[in-house]
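*Asks:* Take a look at the following structure, please.
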Amino acid sequence: MLVDGTQQLVKIESGARYSVAGTDWMARGERKRVDAPVAYVEGIGGFLLDVLGVWTFDMVNVYGQKVTIEACIIEGCTSEFLLGVDFLGGRRATMDFDRGEVRYAERGQDVIIPFRTTEAKDDSAVVAVRLVSATNLQRSAVQAVEVAVAAPDSEEEGVFLPTVNNGAVLLAAAVTKVEKGKALVIAINTHGGRLKLPRWKELGVGIPINQDIELLTMHGELQPESVQAWLDELGDPSTPLDDEHDVDIGAEEPDARSLILRLLRAYRVLANAQDECPPATTLNVEHHIDTGDAAPIMMRRRRQAQTGDAIMDSNVDAMVSAGVMEHGEGGWGFPVVLVRKKDGSVRFCVDYRALNSVTRKDVYPLPRIDETLKSLEGARLFTTLDLRLGYWQIRVANEDRDKTAFMTKRGLYRFKRMPFGLTNAPATFQRLMNGVLDVDDLFGLPRRHHHLYKRRHRTARH
């Protein structure tokens, strides 16, 4: 909180009956000519501390909202300020621990005070990130926007992760520096006109960087000696691959093949060729199906030949066993279609056309082929990475899984991973790709083999 233009630490204590402050705070507020509610308070360890009086403090939160607090000044403390139940209850404030926010209404306006728990572990360290003020985004522009993050200045850096679908506005996950409870994140307006983001709009979450998260410096990362140092930190770059003799990278440099082989060895687990469902992405990407206020759609099950039922049951059993789908229940249901491929095998499909007709479209931009071809100019080395069952590496949002349901003779099933045939599936997949591959990976193709190694190493870590 800002007090007289200086950021001060204020602690929220839901176990304290009254708001209290140390004697250092006397100069920052005004004394009220009223009797204190108590003559003394019990401090840590059971010691009784005298109450000197009641002071009023005018503070400002990170959104520029004025917050007036009355607190008892206690003797024996100096810099502490505890916000007690008298403040929270008097304003009927709510504490949202998921977002890390205290919220209450005052004069018809919502007041939001971000906070952080002191002993944060796991998800408790995650706090909501909101716009400080209404922001205009210029047409087809990339610009920094100011956001509020509940983090003290001592924790200089944190990770911002966008979690809210903002339509044509794309937000970049980034490591950002927090100063006075505020930070900058990058927003990209892909719309053809100007857009306005409302004040206090929630954009994502902030995660503090502590001793459990290592920040890697990128200075000099493409020097050959730096590449060798990274190699020494990888998992197992020495045990040969089973098909290593088939690897041909087509490079003339004498140590190029050995360098790439060590990379492939270290990340051999990513080349798993087994038939089960691959693990879901660790990035914060899920597939959402926004149907607005549309009523659930239940279509008739299509009749299949006896051999078709056997094929359908076999596919369903395999996908349930692999964790791709599960038994479902609800008001949504769509028919299965078996499509025969050129080689005579049968592809299991679900007819989602009715669902797609009521789904709000996701306009996330897809790559332009002309820009992709242009980016190849001047490059000497190329890498093709083919995801195995790429759609199945993306989870369907739990609240939308019922909408993917389909019918068989044995009952209703729904997808846990993203199926084919959904109208916004390509946009979701591209959002995942943009999270895995940074700008350099997409458009700055390497001219030397150690450059190629570093970029593929960075990609594999995702």
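A short reminder: the numbers here are calculations on the coordinates, not readings from a lab. All values derive from a computational prediction rather than experimental measurement. Every residue, glycine as well, gets a Cβ built from its backbone with ideal geometry; the counts of neighbours run over all protein chains shown.
*Asks:* Going by average Cβ density within 10 Å per residue, which order do the peptides 129-137, 163-171, 313-321 take, highest to lowest?
*Replies:* Numbers: 129-137: 18.1, 163-171: 16.3, 313-321: 14.7.
Going from most to least packed, we get 129-137, 163-171, 313-321.
*Asks:* What ³J(HN,Hα) values, in whole Hz, does the Karplus curve 6.51 cos²θ - 1.76 cosθ + 1.60 give for the stretch 357-366 when θ = phi - 60°, with x put for Gly and Pro?
*Replies:* Once θ is set to phi - 60°, the couplings for the stretch 357-366 become 5, 10, 8, 6, 6, 9, 9, 4, x, 9 Hz.
*Asks:* Given H placed 1.01 Å from N in the peptide plane, which residues other than close sequence neighbours of Met59 have an amide H under 5 Å from its amide H?
*Replies:* Val67, Thr68, Ile69
*Asks:* Hey, another quick one. List, in the order given, every pair from Lys342/Lys416; Lys180/Lys374; Lys341/Lys416; Lys196/Lys361; Lys11/Lys177; Lys66/Lys196 whose Cα-Cα distance in the structure shown is over 32 Å.
*Replies:* Values: Lys342/Lys416 29 Å; Lys180/Lys374 43 Å; Lys341/Lys416 25 Å; Lys196/Lys361 20 Å; Lys11/Lys177 22 Å; Lys66/Lys196 24 Å.
Table pairs above 32 Å Cα-Cα are Lys180/Lys374.
*Asks:* Using DSSP to define loop residues, name the chymotrypsin sites (Phe, Trp or Tyr not before Pro) in the stretch 311-407 whose beta-carbon has at most 10 other beta-carbon atoms within 10 Å. Provide the component values of the computation, followed by the final result.
*Replies:* Details: sites: Trp332, Phe348, Tyr352, Phe382, Tyr391, Trp392, Phe406; in loops: Trp332, Tyr352, Phe382.
When the chymotrypsin sites (Phe, Trp or Tyr not before Pro) of the stretch 311-407 are filtered for loop state and at most 10 Cβ neighbours within 10 Å, Phe382 remain.
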